[in-house]
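Worksheet for the structure shown next.
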Amino acid sequence: MHQEKALSSVFNMSLGFIPIMLAMLLSQWIRHDISTFMATASGVVGIGLLTRRRMGMIPNFILYISTASLFMLTIALALDSRLVPEKDYLLTLEICTIIPLFVFHLHRKRIIEYFIHQKEKTNPLCRHFFAQGAEASAVSARMAIILSILHFVAMSLAMMTRNPLDGTLHFLLHKITPFSVFLLSILFNQIAICYFNRLMSRQVYVPVVNVDGDVIGKVPAEEIFNSKKKYINPFIRIAIRMKGRLFLCARPMDTVIDQGKTDVPMEGYLLYGESLSDGVVRILHHTLPETKIKRVKFNFSYHCENPLAKRLIYLFSVDVDDDTMLNSLNLNQGKLWGFKQIQENIGKGFFSHCFEEEFKYLKQVIDTREKYKES
C-alpha cells in the first residue's frame, strides 16, 4: 500500500534562519556591515520566491522575522558601523533575531486565530496556508528559543566563573555557539519531521468515496467510527459457498456492531492506495491462505449505513470444493447453511443486518449462475 509523506521539508520553518547564518559566515571574511546587507538581500529574494508560488505557499514567518531583523541592523550599521563591535557581531545577530522571535511565539495563538477568522481580505485557502505557516513557525521558533536560552545560561555561568573570558571560551560562546543555535534548530526540526513521517508511514488509511465508488479522500482507519458518518468508506465482504450452501459463522463479540450474530466469515475495509482485487486477496488469504484468487467472484455492491458508519459494500463469494478447509478455519460456530434454512430465519434477529440486506440478491446471483452452468 502506498503511503504519502505527512510533512515535507517545507514545514521546517527553521530554514528561515539561513539569511542569519549567511550573515554570520560572511562576516568571517568581509566587513560585518556588508555581510549584513548581503544577507538581507538574500532574505528578500527568499521571500520573493515564496510569494511567487502563490497557490500552495506555506508562509515562513521565521524568514520574515529574520529578514526584518537583518534589515533593521543594516540601517543601524549604515548610520554607524561602530554600533556593533565585530567581535560581538554574531552574538548581536542572535539577540536581534531571538527577541522578535520570542514575541512572535508569545502571541502565536492570536496570530493563528487572526488568519483563521479573517473573512474579507483572504480566501479560505489562503487563510488555511497562513494559519498553517504560523503554527509551523511557532513550533520551529520554540526550538531556537530553547537553544538560545541554553546558550545565554552557559554564557552567564562562564562570566560568573571566568571574567574576563579567555580567548578559547570567548571564541566558543561568541562565535561558534550563536551559529550553532540556528544550525541545530534546523537539524532538530528536520529530525522531528522525519520522525513524524516515520510514525505516519505506519498509519493505516481508508479511502473516502462517493456513492459511485470514486475515491475523493482518505481518513485514518481508527477514526472511521468517530467521524459521525461524515464519509462513505469502501468495505469488502466475502461469502463462502460449497455445494449450493453458504458457510456462515458467529461474529466475534469484540466487533463494533452485530456482536455474536451469524454472518459471512470474511470482511474488512479497503485500504487507501489498494485496488479492489488486492483488498480481496488480503482479506481472503488472511482466512483461506490456500484459496486461489481465480475462484473468487464479484456479486454486487450497495450502499449501507449503520449507527456508526457509512459504507459502500462490495460483496464477493468464493467456491470451496470440500469441507476439509472449512473445518481447519476455527471460526466461531461456523457451519454450512442451506438457502431454505436461511430464509426461514430471516427477520428473526438471528443474522447480521448486512447479511439480511444481501441474502435476497445473493441468492438470485447464485441461482442465475447455477442455471447457466446447467445449460
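The values are calculated or read from the model by the stated rules, or taken from the named source; none is laboratory data. Keep in mind that this is a model prediction, so the values were computed, not measured. Cβ atoms come from the backbone with ideal geometry, glycine included; neighbour counts cover every protein chain shown. Side chains included, ligands, DNA and RNA excluded: accessible areas come from the protein's heavy atoms. Shrake-Rupley method; radii C 1.70, N 1.55, O 1.52, S 1.80 Å.
Evaluation of residue 69 against the conditions (1) over 23 Å from residue 133 (Cβ atoms); (2) assigned to a helix (DSSP H, G or I) shows that the sole unmet condition is (1). Residues satisfying the criterion are absent from region 54-69 (criterion: farther than 19 Å from residue 11 by Cβ and of a type in the set (Lys, Arg)). Filtered by the rule that a residue be of a type in the set (A, V, I, L, M) and either modelled with pLDDT under 90 or within 23 Å of the chain's Cα centre (by Cα) (or both), region 1-29 gives 1, 6, 7, 10, 13, 15. Name the residues in region 314-346 that are modelled with pLDDT of 85 or more and more than 14 Å from residue 245 (Cα to Cα), would you? Once the filter is applied, which keeps residues that are modelled with pLDDT of 85 or more and more than 14 Å from residue 245 (Cα to Cα), region 314-346 yields 314, 315, 316, 344, 345, 346. The residues in region 116-173 that are under 30 Å from residue 51 (Cβ atoms), assigned to a helix (DSSP H, G or I) and modelled with pLDDT under 75 can be counted, and the count is 8.
For region 211-234, taking the residues that are in a strand (DSSP E or B) and of a type outside the set (Lys, Arg), the one that is most open to solvent (accessible area, probe 1.4 Å) is identified as 216.
For region 244-257, give me the residue count where each residue is part of a loop (DSSP other than H, G, I, E, B), more than 30 Å from residue 371 (Cα to Cα) and open to solvent by less than 40 Å² (accessible area, probe 1.4 Å).
Our first condition is that a residue be part of a loop (DSSP other than H, G, I, E, B); within region 244-257, this holds for 244, 251-257.
From what is left, the residues that are more than 30 Å from residue 371 (Cα to Cα) are 251-257.
Among the residues that remain, those that are also open to solvent by less than 40 Å² (accessible area, probe 1.4 Å) are: 251, 255, 257.
Selection size over region 244-257: 3.
When region 34-60 is limited to residues that are surrounded by 15 or more Cβ atoms within 10 Å (Cβ to Cβ) and part of a loop (DSSP other than H, G, I, E, B), the one that is modelled with the highest pLDDT turns out to be 60. Considering 237, 241, the condition of being assigned to a strand (DSSP E or B), among the basic types (Lys, Arg), surrounded by fewer than 20 Cβ atoms within 10 Å (Cβ to Cβ) and over 20 Å from the mean Cα position of the chain (by Cα) is satisfied by 241 alone.
Checking each residue of region 269-288 against the condition of being without any contact (Cβ under 8 Å) to a residue 24 or more places away in the chain and over 29 Å from residue 214 (Cβ atoms) gives no match.
Among what's in region 261-282 and is of a type in the set (Gly, Ala, Ser) and either on the phi > 0 side of the Ramachandran plot or not in a loop (DSSP other than H, G, I, E, B) (or both), pick the residue that is surrounded by the fewest Cβ atoms within 10 Å (Cβ to Cβ). Of everything passing the filter in region 261-282, 277 is surrounded by the fewest Cβ atoms within 10 Å (Cβ to Cβ).
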